[in-house]
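Colleague: Pasting a structure below so you can have a look.
The values are calculated or read from the model by the stated rules, or taken from the named source; none is laboratory data. A quick note: this is a predicted structure, and the numbers were derived from the prediction, not measured. Here the Cβ positions follow ideal geometry from the backbone for every residue, glycine too, while neighbour counts run over all protein chains shown. These accessible areas exclude ligands, DNA and RNA; they are computed on the full protein's heavy atoms, side chains included. Shrake-Rupley method; radii C 1.70, N 1.55, O 1.52, S 1.80 Å.
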Amino acid sequence: MVGRAPSGRYALLMATGEIIGDILVSEGVVTSDQLVAARAEQTRTGERLEQTLARMGYATAEHAMRSLAAEMGLPFLRLDEEIFDDDAVALVPPRLVFKLRAIPVRKERGRLLLATSDPLRPEGFDQMRAAAGLPIAIAVAEDNDLATQIRTRFGVAGDVLEALGAGSAPTTAESRATESENSDPDGASEASVVRLVNDLLLEAIRERATDIHIEPYEHELHVRYRIDGVMSDAGVPATIHRFRNAITSRLKIMANLNIAEKRRPQDGRITLRNKGQEFDLRLSVIPMLHGEGVVLRILSKSAALAGLDELGMPARVLKPWNDLVSCPHGIVLVTGPTGSGKSTTLYASLKQIVSGEVKAITVEDPVEYHVPGVNQIQVNHQVGLDFATGLRAILRHDPDIIMIGEIRDAETANAAVQASLTGHLVLSTLHTNDAAGAATRLLDMGVEPFLVASTVEGVLAQRLLRRVCRSCVVARKPHAGEVPPDFQLAPDGLIAEAVGCRECRGSGYRGRIGCYELLEIDEPVRAEIMRRASAASIANAARGAGRLTTLRDSAAELVASRVTTPGEALSAVKTA
């Protein structure tokens, strides 16, 4: 399968994207107006045109690249279906693979078959030919597919590590110990370390990671990403451990931390721009047995805020929740573990209820997203500005709606109660396992029962469940005992199975959706709170009055609609 070389007229064009756009217009796949809009968006984001077209819903990236391949008379390869020859892959150094965005697949008829998403770079293919010592045959591949294969076979930032001189892993304990002793920031090229760290951060963003974990061990450095709530290996070469100190020092410099301090925990923030978006990275550095462990939380500051109707709330939860956040006064709480989407729900609620007729002020740690029309305050413990202090101060600014990032202590809880009693709507979060536990948590903080009963209007508990990947999901009959008896399936009795494909990194899941439990506080529930009843008693009273929608009910609905799998649903609600 050897394609002919690109013709001269294509080599004269400025970029592959120009050809793709013209081809798709000539085929009637996209209109001229759509192409103009996509090119304008591409200029803003800096991404490839076919990726922009796919994101805007005009044409899939694979369709675009197949059309380009057909126009140029070149074969198109789906790399996840190809068998790679390791000897052929080893013929080209990693720096060329990363630089030219092209990877050897195998030898064919005395030539090296090269897969690329940019077939209009003859000067680059000359470098490949010289490095491999073989003639080159070109095939076209989709860019994301190509990136996956390069990462799998060379590791994230494999070219940078090669440039730093870490091309092969040490083979003995003695050599590992020697390299560990010499792995200081000054021992590596500063520019290369900057590139190495940038590659790790940008790869995490491309993979939709919410957290980056850099974990030092005696002879290894593990880099993992948390994607859709699950830890996943980043795929970095083993030789990265030689530069652990250099990586940590670079991150500290980016966050304006003290690089000489290695005995105490440090926290900082990094602002990163990529393809027109701005990301806020919250950095935490902690001394560990074999070095400093680093965790970065990734927040997109410029991401569009979702509306309540986009969060996946079922109608029977959405309507009463809308009523609760529209109350003129009182306390409305969102509960759940860390990373369950509480802040996202509050932001979506604010977006819905804020208008020119009301004033809203928030106190947050940190300010994760900027909400138009809302006055947002960042907690600063160094100057004594915490949640309670900020809340007392903003009451003098005549707000209608107040959002507190989290009620952590008795002082903040009592301040929130007083704010609600003086005619304000207070939105906040708590760390409890279920909705009924919010009342008992406030009582444990020392808030009087009559104050909890008279101010709290409703509590929303939530979890995030992984969605099945729409590219590979299949429907099937459940196995015996796979679905609990109380889960009501669709009439066809089928459930979703997470298969796994290149779009979801083989996990079978892509993206997450909320699972909700709503407790509306009415008179029977208030009576239970007044007598300091347990969370179970409060839940039973609410359920008897029809004022409680449980997490389990919500999870069962997601299974029935085949948005997620029974296993995923039960993993989130088994303790609820």
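Colleague: Points 7 angstrom from Cα along the Cβ direction at Glu81 and Leu289: gap in nanometres?
Modeller: Reported label-point gap for Glu81 and Leu289 is 4.8 nm.
Colleague: For a quick protection proxy, order the peptides 366-376, 483-493, 215-225 by their average other-Cβ count within 10 Å, most packed first.
Modeller: Working: 366-376: 15.7, 483-493: 12.4, 215-225: 17.8.
My ranking of the peptides, most packed first, is 215-225, 366-376, 483-493.
Colleague: What is the packing order of peptides 423-430, 41-48, taking the mean over residues of other C-beta atoms within 10 Å and listing the highest first? Let's see the in-between values first.
Modeller: Details: 423-430: 22.0, 41-48: 15.9.
Answer by packing, highest mean first, reads 423-430, 41-48.
Colleague: Can I ask one more? Magnitude of the Cβ-charge dipole of the chain, K/R +1 and D/E -1, about the Cα centre, nearest 20 debye? Let's see the in-between values first.
Modeller: On the way: 65 positive and 74 negative charges, 68 e Å.
So the dipole magnitude of the chain works out to roughly 320 debye.
Colleague: Which value, in Å² rounded to 10, gives the accessible area of Met288 with a 1.4 Å probe and all protein chains present?
Modeller: Rounded to the nearest 10, that gives 110 Å².
Colleague: Please report the carbon-and-sulfur percent of the accessible area for the chain; probe 1.4 Å, protein heavy atoms only, DNA, RNA and ligands left out.
Modeller: Details: 12720 of 25830 Å².
Carbon plus sulfur share of accessible area: 49 percent.
Colleague: Which lysines, on any chain, are close to Lys252 with Cα under 19 Å apart, when same-chain ones fewer than 8 places away are left out?
Modeller: Output for Lys252: Lys262.
Colleague: Same structure, new question: Determine the gain in length on full extension of the stretch Glu18-Ala260; use 0.36 nm per residue of separation and subtract their C-alpha separation, reporting nm with one decimal.
Modeller: On the way: separation 242, 0.36 × 242 = 87.12 nm, distance 4.95 nm.
Length difference between fully extended and current span is 82.2 nm.
Colleague: Now a separate question. With a Förster radius of 41 Å, plug the Cβ-Cβ distance of Glu523 and Arg39 into 1/(1 + (r/R0)^6) and report the FRET value to the nearest 0.05.
Modeller: Working: r = 61 Å, r/R0 = 1.48.
Between Glu523 and Arg39 the formula returns 0.10.
Colleague: Still on this structure: What's the ranking of 386-392, 103-109 by average number of surrounding C-beta atoms within 10 Å, highest first?
Modeller: Details: 386-392: 20.3, 103-109: 18.7.
Ranking, from highest mean packing down: 386-392, 103-109.
Colleague: A further question on this structure: Can you give the accessible area per residue of the chain, in Å², using a 1.4 Å probe? Present the calculation step by step, with values, prior to reporting the outcome.
Modeller: Working: 25830 Å² over 576 residues.
Result: 45 Å² per residue.
Colleague: So, one more: For the stretch 530-576, what is the charge dipole size about the Cα centre, in debye to the nearest 20, if Lys and Arg each add +1 at the Cβ and Asp and Glu each add -1 at the Cβ? Spell out each step's value before the answer.
Modeller: On the way: 7 positive and 3 negative charges, 61 e Å.
Computed charge dipole of the stretch 530-576: roughly 300 debye.
Colleague: Follow-up. Note down the nm distance, to one decimal, between modelled labels 7 Å out along Cα→Cβ at Asn375 and at Glu62.
Modeller: 5.3
Colleague: What do you get for GluC sites (Glu not before Pro) in the stretch 244-332 restricted to DSSP loop and a cutoff of at most 15 other Cβ within 10 Å of the site's Cβ? Write out the running numbers ahead of the final one.
Modeller: Details: sites: Glu261, Glu278, Glu292, Glu310; in loops: Glu261.
Those satisfying the criteria are Glu261.
Colleague: Report the calculated FRET efficiency for Arg208 and Ser561 (r = Cβ-Cβ distance, R0 = 22 Å), to the nearest 0.05. Walk me through the intermediate numbers first.
Modeller: On the way: r = 23 Å, r/R0 = 1.04.
Using R0 = 22 Å, I get an efficiency of 0.45.
Colleague: Moving on to the next point. Grab the Cα-Cα distance for Ala70 and Thr338, subtract it from 0.36 nm times how many residues apart they are, and report the gain in nm with one decimal.
Modeller: Length gained, Ala70 through Thr338: 91.6 nm.
Colleague: Another question about this same structure. Percent relative contact order of the stretch 408-474, based on C-alpha pairs within less than 8 angstrom and at least six residues apart? Present the calculation step by step, with values, prior to reporting the outcome.
Modeller: Working: 34 pairs, mean separation 23.4, N = 67.
Rounded, it is 35 percent for the stretch 408-474.
Colleague: Quote the relative contact order of the stretch 440-532 in percent (integer), defining contacts as alpha-carbon pairs under 8 Å separated by 6+ residues.
Modeller: On the way: 124 pairs, mean separation 39.9, N = 93.
Computed over the stretch 440-532, the figure is 43 percent.
Colleague: Can you compute 3J(HN,Hα) from phi for each residue in the stretch 539-548, using the Karplus curve 6.51 cos²θ - 1.76 cosθ + 1.60 with θ = phi - 60°, rounded to whole Hz and x for Gly and Pro?
Modeller: 5, 5, 5, 5, 5, x, 8, x, 10, 9
Colleague: Let me ask something else about it. Ratio of alpha-carbon Rg to the 2.2 N^0.38 Å globular estimate for the stretch 460-554, to two decimals, please. Present the calculation step by step, with values, prior to reporting the outcome.
Modeller: Values: Rg = 18.3 Å, N = 95, 2.2 N^0.38 = 12.4 Å.
Ratio of Rg to 2.2 N^0.38 Å for the stretch 460-554: 1.48.
Colleague: Then there is this: Relative to the present Cα-Cα distance, how much length would full extension add between Arg392 and Arg111 at 0.36 nm per residue of separation? Don't skip to the answer; put the middle values down first.
Modeller: Values: separation 281, 0.36 × 281 = 101.16 nm, distance 7.37 nm.
Length gained, Arg392 through Arg111: 93.8 nm.
Colleague: Can you report the principal axis dimensions of the chain using only the alpha carbons, biggest first, rounded to whole angstrom?
Modeller: Projected onto the principal axes, the Cα atoms of the chain cover 84, 60, 52 Å.
Colleague: Each label point is 7 Å from the Cα along the Cα-to-Cβ direction; what then is the distance between the points at Thr31 and Lys477, in nm?
Modeller: So the label points at Thr31 and Lys477 sit 4.8 nm apart.
Colleague: Is the shape of the stretch 208-278 rounded, prolate or oblate, going by the alpha carbon gyration tensor and its root eigenvalues a ≥ b ≥ c, with a/c under 1.5 for rounded and a/b larger than b/c for prolate? If you can, show how the numbers build up before the last one.
Modeller: Values: a/c = 1.75, a/b = 1.05, b/c = 1.66.
It comes out oblate by the Cα gyration axes.
Colleague: May I ask you to derive the FRET efficiency for Ala306 and Asp233 from their Cβ-Cβ distance with R0 = 25 Å, giving the value to the nearest 0.05?
Modeller: Working: r = 29 Å, r/R0 = 1.17.
FRET efficiency, Ala306 to Asp233: 0.30.
Colleague: In the structure displayed, which of Lys275/Lys301; Lys275/Lys351; Lys301/Lys359 lie more than 19 Å apart, Cα to Cα? Display every interim value, and only then the final one.
Modeller: Numbers: Lys275/Lys301 13 Å; Lys275/Lys351 25 Å; Lys301/Lys359 22 Å.
Long pairs (Cα-Cα over 19 Å): Lys275/Lys351; Lys301/Lys359.
Colleague: So, one more: With every atom except the alpha carbons ignored, what do you get for Rg and Dmax of the stretch 47-141, in angstroms?
Modeller: Calculated on Cα positions, Rg and Dmax stand at 13.7, 42 Å.
Colleague: So for the chain, averaging the separation of alpha carbon pairs under 8 Å that are six or more residues apart and normalising by length, what relative contact order in percent results?
Modeller: On the way: 1054 pairs, mean separation 50.6, N = 576.
Once divided by the residue count of the chain, the mean separation gives 9 percent.
Colleague: For the stretch 333-409, rounded, prolate or oblate, judged on the Cα gyration tensor with a ≥ b ≥ c (square roots of eigenvalues), a/c < 1.5 rounded, else prolate if a/b > b/c?
Modeller: oblate
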